[in-house]
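Below is one structure; the comments refer to it alone.
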Amino acid sequence: MYGILPQRISLYLFPASMLAAVYVHLPSLGEIPDTWLEFLPHVTYLVFIAGIFLSLHFNKSRAFFVVLMLILYYWYGFSTGAGCRGPSRICTALDYLLPGNIAIVCLMREKGLLTPAGRMRSVFLLLQLIMLVILARTGEALAGNQASVMAGKDFALFPGVEAPVLMFMGTCGIIAAIPTHARASLIDGAFLGVLAAVAMVRALPLGGDAATTVLLTSGLILLLSVLQESHNMAYRDDLTGLLSRRALNEQLAGLGRRYVIAMLDLDHFKRLNDSLGHDVGDQVLRMAAARIRTVGGGGKAYRYGGEEFTIVFPNRKVEDTLPCLEDLRSSIAAYHFHVRSPDRPDTVRQGQRKRSGGGESTHVGVTVSIGVAESSSCLRDPHDVMAVADAALYRAKQRGRNRISTAGRM
């Protein structure tokens, strides 16, 4: 979703840190009273059910299907404490179905539960459930022989675990990691966490309460990721990655007595949008937002709406913010945006060859006008300060654009 490196790293750190913390504390399970541990399976099911309801509420079909697979995996293999380690056909099938489904889900885009794509996924999952029922009804005797043939030799590092199972899980992890990194979605990162948890349960000698705890953690990872993703949808602008107007309103409600608000507007953006198209306009907005995000002076940037942005500087005076805003204005004005043409090269090498050979190219220059106002004894309400900053913004536009205007100043 967002191209910032720390945000991409957090996709992997969040599930990895939770699983690592749980693994370190697994030996402490023996110190917990048995009366408490009896509730562990019930808590696990409650987390899974909560994940289902949240997935339905926020229309996250991919998370919904992964939670259903987790419930099936846990219910058959680990809720009884035996573990999915016998020559059961269903155990063998689940070892392949769960990682395979996670990889497929990561390759898909979110389409919603009631869309044609969502219904097709439901049918696909239903067919898998029918296959598992058929396997359960055909008996276990023949399955033991077939499973031993399919399994091959065990890994020496993980005794009792079939080599194809771990190889398949590793392959699914690599497949899932590629779109996860490209898409930078918290939910996709949680899918990797679920896959890692299943691999831990399968590769390490975990059974009973230990396996339940790890799978419970995977459910929590998925549950929290759905909540965080939904929070981002509500409080972050999807196009630019900046915080949205809703987040701005909450920030304004919590400001102290001293602060500065700057209102920014891209000059002649409507003309650019009409002449070059909305796709180019979106590219320009993303470029401007990327620079506005880096403003110094402790400012926090928001997309106010359309081509208008807001920067809030808590505990600052106007004099403190003007150098930062001037650097921002000049950096946007100095940037020449290259418009991607419909016939742009397919590869980097073709693009380099085309640029070296000259030819026509379209560059767009963008400027920004800024209005600034600060709180005072006569101007305490943040919305009033914003209105004054907005009036200063229009003065900057009237005086030629590509400039900064402060309240009460020319």
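Read-outs throughout are calculated quantities, based only on the coordinates presented, and are distinct from any laboratory measurement. None of the values given here were measured: they were computed from a predicted structure. For neighbour counting, all protein chains shown are included, and Cβ atoms are generated from backbone atoms with ideal geometry for every residue, glycine included.
Structure notes:
- Near-label residues of the stretch 243-286 by backbone N, under 17 Å of a point 7 Å along Cα→Cβ of residue 109: 279-280, 282-283
- Distance between the modelled labels on residue 235 and residue 122, one decimal in nanometres: 3.3 nm (7 Å Cα→Cβ projection).
- Neighbour counts of C-beta atoms inside 10 Å place 230, 369 in the sequence 230, 369, starting with the fewest.
- Most to least packed among 385-393, 62-70, 231-239 [average Cβ atoms within 10 Å]: 62-70, 385-393, 231-239
- In nm, spacing of pseudo-spin labels at residue 46 and residue 131 (7 Å Cα→C-beta vector): 3.5 nm
- Neighbourhood charge, 11 Å Cβ-Cβ cut-off, centred on residue 209 and excluding it, Lys, Arg +1 and Asp, Glu -1: -2
- Taken along the Cα-to-beta-carbon direction at a fixed 7 Å, the label points for residue 20 and residue 253 span 3.7 nm.
- Computed extension gain for residue 31 through residue 59, at 0.36 nm per residue and net of the alpha carbon distance, reaches 6.1 nm.
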